[in-house]
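To start, the structure under review is shown below, and the notes come after it.
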Amino acid sequence: MTPNIERLTEILERTRNEIRKVIIGQDDVVDKSLVVIFTRQHALIEGVPGVAKTLLVRTLAKVLGCDFRRIQFTPDLMPTDITGTSVFNLEQGDFALMRGPVFTSFLLADEINRAPAKTQSALLQAMQERAVTIDRETHALSPNFTVFATQNPIEYEGTYPLPEAQKDRFLLKIAMGSPDRDSELILAQRMLGSDAPERVLESGVVEAVISESDLDELRGTLEEIVVREEVLGYIVDVVQGTRKTDSILVGAGPRATQAFVLATRALAALSGRDFVTPDDVKALAAPILGHRLILRPEHEIEGVTVEEVIQRLLEEIAVPR
Ligand SMILES: Nc1ncnc2c1ncn2[C@@H]1O[C@H](COP(=O)(O)OP(=O)(O)OP(=O)(O)O)[C@@H](O)[C@H]1O
Ligand SMILES: [Mg+2]
């Protein structure tokens, strides 16, 4: 292992340990969030209220030394509520820029499907371009600008589902489930004492492992992680497989392949390896591809899930040795 990769894996390990001081369990969700952050992408987080979505993103920001802001999406939210606007200042007789919440590093976009398409697309455009245009002037966003957009899986009624074509702007869809009994018991116990999760986060116990500028530099280290030609071919076969499967109406586009390659490197680093394995590819297939696929309606009616379709696809594709 190169010294750079050793340093990266050591930082990732410390990051996880700091997060664990606040977030109980949810290891898989934490790792996927780190994959998103270290590949400079964005995440969709799906989970019912109260599973610590907000607390997770706040904790990630604290531990990685990044700014944090939150937007609650509502039906009357306007695009300028996201990007910002320029306001005429009477005293100075001039326009002043009012920066919107996108001018941050980690942005929690809560209940993204509660705002109409025009407002959603203002955010999606900012994600894609890492810049916003306010009154014809373009402003760059933070190099660490990362959106965590939440969706409530049970409250789709009266909401605006994300356009299918826009979903592939998100690297992963992270499903955040309810805690298991052991985790929930720990949570219950901690509420009795002085170490309730929020209190721990706000106390001095949780330390920033790196600063914001380190994050950008560490991303470069991922380039040293080896992806063998065969493994690269495997990723392409899996993505192309989604376009050839009968039960899938619309498969994943090449943006999925690009995202896949980057994400497997981050996952390898999280496992303390300097090379990507076929298992990294398998582990990421459903979270990377799931939200980008449209199943044929007849399959959806039969209750086949997209995860099952991807699982079947993986079983059909030859795995490199
Ligand atoms: N795994 C967990 N670890 C630590 N705290 C947890 C966990 N699950 C739930 N909690 C606690 O549950 C409460 C709710 O967390 P939070 O507000 O982050 O949820 P949320 O998913 O953002 O909910 P909402 O969808 O309503 O915004 C917090 O007080 C948090 O401490
Ligand atoms: Mg919340």
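In table form, for the structure just shown:
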{"quantity": "Residue check for Ala122: in a helix (DSSP H, G or I), touching a strand residue (DSSP E or B) at 6+ places or on another chain (Cβ under 6 Å) and either within 26 Å of Ser211 (Cα to Cα) or in contact (Cβ under 8 Å) with a residue 12 or more places away in the chain (or both)", "calculated": "no"}
{"quantity": "Out of Arg16, Arg69, Arg58, sole residue that is part of a helix (DSSP H, G or I) and within 16 Å of ligand 2 (Cβ to nearest atom)", "calculated": "Arg58"}
{"quantity": "Test: residue in the range 217-231 that is out of contact with any Lys or Arg (no Cβ under 9 Å at 6 or more places or on another chain), within 16 Å of ligand 2 (Cβ to nearest atom) and within 27 Å of Lys21 (Cα to Cα)", "calculated": "no"}
{"quantity": "Pairs where the first residue, in the range 276-294, is under 13 Å from Thr257 (Cα atoms) and in the same structural domain as Ile317 (by TED's automatic domain parsing) and the second is of a type outside the set (Gly, Ala, Ser) and assigned to a loop (DSSP other than H, G, I, E, B), C-beta under 6 Å, 6+ apart", "calculated": "Arg292/Asp168"}
{"quantity": "Qualifying residue in the range 31-49 (condition: near ligand 1 (Cβ under 9 Å from one of its atoms), in the same structural domain as Asp168 (by TED's automatic domain parsing) and among the hydroxyl-bearing types (Ser, Thr, Tyr))", "calculated": "no"}
{"quantity": "Count - residues of the range 40-54 that are within 13 Å of ligand 2 (Cβ to nearest atom), of a type outside the set (S, T, N, Q) and surrounded by 16 or more Cβ atoms within 10 Å (Cβ to Cβ)", "calculated": "6"}
{"quantity": "Selected residue (only one of Asp237, Asp216 is on the phi < 0 side of the Ramachandran plot, surrounded by 15 or more Cβ atoms within 10 Å (Cβ to Cβ) and of a type in the set (Asp, Glu))", "calculated": "Asp237"}
{"quantity": "Qualifying residue in the range 205-213 (condition: buried (at least 17 other Cβ atoms within 10 Å of the Cβ), modelled with pLDDT of 95 or more and not assigned by TED's automatic domain parsing to the domain that holds Thr59)", "calculated": "no"}
{"quantity": "Residue match in the range 130-147 (condition: within 16 Å of ligand 1 (Cβ to nearest atom) and of a type outside the set (Gly, Ala, Ser))", "calculated": "yes"}
{"quantity": "Which listed residue, of Thr138, Thr159, is at pLDDT below 95, out of contact with any His (no Cβ under 6 Å at 6 or more places or on another chain), assigned to a strand (DSSP E or B) and among the polar types (S, T, N, Q)", "calculated": "Thr138"}
{"quantity": "Considering residues of the range 50-96 that are more than 16 Å from ligand 1 (Cβ to nearest atom) and among the charged types (D, E, K, R) only, the residue nearest to Ile24 (Cα to Cα)", "calculated": "Asp67"}
{"quantity": "Residue count for the range 79-104, restricted to those that are surrounded by 14 or more Cβ atoms within 10 Å (Cβ to Cβ), away from ligand 2 (no atom under 16 Å from the Cβ) and assigned to a loop (DSSP other than H, G, I, E, B)", "calculated": "4"}
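The values are calculated or read from the model by the stated rules, or taken from the named source; none is laboratory data. On a predicted model such as this, the values are computed, not experimentally measured, just so you know. Glycine gets a Cβ as well: all are built from the backbone with ideal geometry, and neighbour counts include every protein chain shown.
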